[in-house]
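Report on the following structure.
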Amino acid sequence: MDDLNKQIARSAQGDAALDQYLTFQVNQQKLAVDILRIKEIIEFDRITVVPMMQQCIDGVINLRGSVVPVVNLSARFGQGKTQPGRRTCIVILESQLADETQVVGFLVDAVNAVVDVPVDQIAPPPQFGAGIKTDFLRGIGKVDDEFVMLLNVEKLLDFHIPSDLEEAAAAAHAVAAVTAGSGAAQTQVETAEF
């Protein structure tokens, strides 16, 4: 891991970093993030759980005195939470959110390598079959004979729920509450359109 951190530091200093990505594994999927966003890679250690956080946020870590939220990428993709193993790492990166630089950690199964992905080897994300919401992808890069999904960090960190989803969740909650209550109210809710 120290070698990768040194390579990240060197890459950030040169022009070659424009086409370089850090690759890592999440649920047997090869993913990548632009190397210029990466601050460092740290070994998985204790995460402090914070109540009332999004389900895909495992909690926070103390990174040299700074509080850093840790996003479980597998959970963010709707694929269940990553179970820590011996190769589990936290990729520390920076993102611009609302005119502010935010430091965040991505919990990943394993870190692979820094690779070159020239712009002409990047295709738009597929509209189906990727196993990941296409909003979360910047594109699909070709490295040797493999494809690598290039992540859109800002979309991954956008936890705003669209109003139509909020309305659907409220309706589902109302149905659950009524089901536990009286039968007359249940009939009224069942006839409502969602």
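Miscellaneous remarks
- Label-to-label distance for residue 55 and residue 42 is 2.7 nm, based on points extended 7 Å past Cα in the beta-carbon direction.
- For residue 72, nonlocal amide neighbours, meaning residues 5 or more places apart or on other chains whose placed amide H falls under 5 Å from its own, are 57, 58, 107.
- Cα gyration tensor, the stretch 22-69 - rounded (a/c under 1.5), prolate or oblate: oblate
- Cross-link pairs beyond the 20 Å C-alpha cut-off, checked among 30/155; 39/81; 81/142: 39/81; 81/142
- Sorting the segments 91-98, 72-79, 20-27 by their residues' average number of neighbouring beta-carbon atoms within 10 angstrom, most packed first, yields 20-27, 72-79, 91-98.
- Using every pair of distinct Cα positions in the stretch 73-147, the Kirkwood expression returns a hydrodynamic radius of 14.7 angstrom.
- The stretch 72-81 - phi-based ³J(HN,Hα) in whole Hz, Karplus 6.51/-1.76/1.60, Gly and Pro as x: 7, 4, 4, 5, 4, 7, x, 10, x, 7
- For the stretch 142-158, 3J(HN,Hα) per residue [Karplus equation, 6.51 cos²θ - 1.76 cosθ + 1.60, θ = phi - 60°, Hz, x = Gly/Pro]: 9, 10, 6, 10, 10, 9, 10, 7, 8, 7, 9, 4, 4, 5, 4, 9, 8
- Residues whose amide H comes within less than 5 Å of that of residue 110, counting only those at least five positions distant or on another chain, are 25, 89 (H built at 1.01 Å from N in the peptide plane).
- The calculated P(r) of the stretch 20-150, using every Cα pair and 5 Å bins from 0, goes 2, 10, 20, 23, 22, 14, 6, 3, 0 in percent.
- Using equal-weight Cα scatterers in the Debye expression, the normalised intensity of the stretch 54-106 in log10 at q = 0.14, 0.30, 0.31 Å⁻¹ is -0.39, -1.24, -1.25.
Here, each number is a calculation from the coordinates, and none is a lab measurement. For clarity, every value in this text was computed on a predicted model and none was experimentally measured. Cβ coordinates were reconstructed from backbone atoms using ideal geometry, including for glycine residues, and neighbour counts include every protein chain displayed.
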